[in-house]
Number of protein chains: 2
Amino acid sequence: MEFTSKLIEQAVGHFSSLPGVGKKSALRYVLHLINQDTQDITNFSDVLKALKHDLKFCKNCHTISDHDICEVCANPIRNQHLVCVVQDYRDVMAIENTGLYKGVYHVLGGLISPMEGIGPSNLNIDSLVAKVTSQEIKEIILALNATMEGETTSFFIFKKLASFNVTLSAIARGIAVGDELEYTDEVTLGRSIINRIPYNTSLAR
Amino acid sequence: MEFTSKLIEQAVGHFSSLPGVGKKSALRYVLHLINQDTQDITNFSDVLKALKHDLKFCKNCHTISDHDICEVCANPIRNQHLVCVVQDYRDVMAIENTGLYKGVYHVLGGLISPMEGIGPSNLNIDSLVAKVTSQEIKEIILALNATMEGETTSFFIFKKLASFNVTLSAIARGIAVGDELEYTDEVTLGRSIINRIPYNTSLAR
């Protein structure tokens, strides 16, 4: 793709560096922005800069926050003895949206992935161990993706924390609500039989 | 979607205002950007601001350019008597990429669309008429989309320029190279028969 303007080329370059955005989409975004108000673009530009300069991460759980301690960690109603370990901020949002979790979080900032050069030292694992050592944590829920990287990371954390007096659990894997048995893959279906739970009428919804 | 950070919410708002970008994709972009170098984000932010402040449009053909007169209009080899009328900058790029056009362009900046409130006065049509009046233009090629809006705009320009001593032509509509007849829609196939051309071995490629 050849551009007649260096500025357009630069802008397309920046947008196409975003995950899943190609050059054609990037050009579409740039041409859309050119037609917007100057104020809109200035705001957009300022917010981008602020992302690096003003964004804070909770000192306790490493999630993105506007304060030094995030709203979840600072909430006295939340159970501070129950910690849910997640990959990133999106998972915190997803679990918060269920409205069913009353504990706090610990954001790893990624998963162990030798392919991408991400090792345990790149993740917030040491601070999780420190938390278990220094604070009164009763249970840690591992809520990582059911992928190779997620399972590896879960196992690594399990080994790190096995000697501590803390209950380790993992979120249930099984058939999604609304899904049909015959279309579920064997691994998930197999696991859902092995990890069966006592029948309870409150689950039937 | 509820965010724990106002800054993230603002950034997601800006990205999701781009055409075809939803809130989930926008959040993905924002989280990707947070992990980039400060310098990268600063450059991205500066380029966005520059889009409004430094971007120039060619005074002759209205295309996006880094100079007052674009490279195509300023090129003495290009045929200044042959003008191709297009909707926007992307179409200039598409035609330039063919490497087969040796004339110059005239960018309308949109198409007549009463549904979107775009009338002839919002487009660069007056300057096209002025160009035909003042300069020695021999032929104008209408290269607009084969849509309702494109056809309407083509017809409007045809009516405006009919009284001038200039040849008006339109790009050929027909079956795309590599396409199969049986899967082509009837309108296109019908047009390709009516507008048939003398057989020429150089076309068979």
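What to note about this one:
- Here the calculated FRET efficiency for A:I171 and B:N122, from their Cβ-Cβ distance with R0 = 51 Å, stands at 0.40, rounded to the nearest 0.05.
- Between the Cα long axis of helix B:148-161 and the first principal axis of chain B there is an angle of about 50°, rounded to the nearest 10.
- Once the Cα atoms are used to define both axes, helix B:23-34 deviates from the longest principal axis of chain B by about 70 degrees.
- Treating each Cα of segment A:105-205 as an identical point scatterer and summing with the Debye formula, the log10 of I(q)/I(0) at q = 0.14, 0.17, 0.19 Å⁻¹ comes to -0.69, -0.91, -1.02.
- Fewest-first sequence of B:M148, A:M93 by Cβ atoms within 10 Å of each Cβ: B:M148, A:M93
- Shape of segment A:6-53, Cα gyration tensor, a/c cut at 1.5: oblate
- The calculated Kirkwood hydrodynamic radius for segment A:125-177 is 12.0 Å, given to one decimal from all distinct C-alpha pairs.
- Note on B:F164 and A:T147: their simple-model spin labels are 5.7 nm apart, each label 7 Å out from Cα toward Cβ.
- Exposure proxy order (Cβ contacts within 10 Å, fewest to most) of A:Y29, A:Y183, A:Y105: A:Y183, A:Y29, A:Y105
- Within chain A, the longest run free of GluC sites (Glu not before Pro) that sit in a DSSP loop with at most 16 other Cβ atoms within 10 Å is A:3-135.
- The ranking of B:S121, A:S5 by Cβ neighbour count inside 10 Å, starting from the fewest, reads B:S121, A:S5.
- Across the identical copies, the 7 Å label point of B:G174, projected outward along Cα→Cβ, sits 6.4 nm from its counterparts, in ascending order.
- Under a 5 Å amide H cut-off, with hydrogens placed 1.01 Å from N, A:T63 pairs with A:C58, A:V107 among residues at least 5 apart or on other chains.
- Position A:I77, label points 7 Å along Cα→Cβ, spacing to each other copy in nm (shortest first, one decimal): 7.2
- Nearest beta-carbon to the B/A symmetry axis - residue in chain B, distance in Å: B:S45, 2
- Nearest-ten-degree value, helix A:38-53 long axis tilted from longest Cα axis of chain A: 40
- Mean partner shielding of peptide A:67-74, defined as the number of other chain Cβ atoms within 10 Å of each residue Cβ, is 1.
- Summing Lys and Arg as +1 and Asp and Glu as -1 over all other residues whose Cβ lies under 14 Å from the Cβ of A:Y105 gives a net charge of 0.
- Distances, shortest first, from the label point of A:E136 to those at the same position in the other copies read 9.5 nm; the point lies 7 Å along Cα to C-beta.
- Translational diffusion coefficient (Stokes-Einstein; Kirkwood radius from C-alpha pairs) of chain B at 20 °C, 1.002 mPa s, in µm²/s: 104
Rule-based calculations on the coordinates, nothing more; no lab input. None of these values were measured; they are calculated from a predicted model. Please note: Cβ atoms are built from the backbone with ideal geometry, for glycine as well, and neighbour counts cover all protein chains shown.
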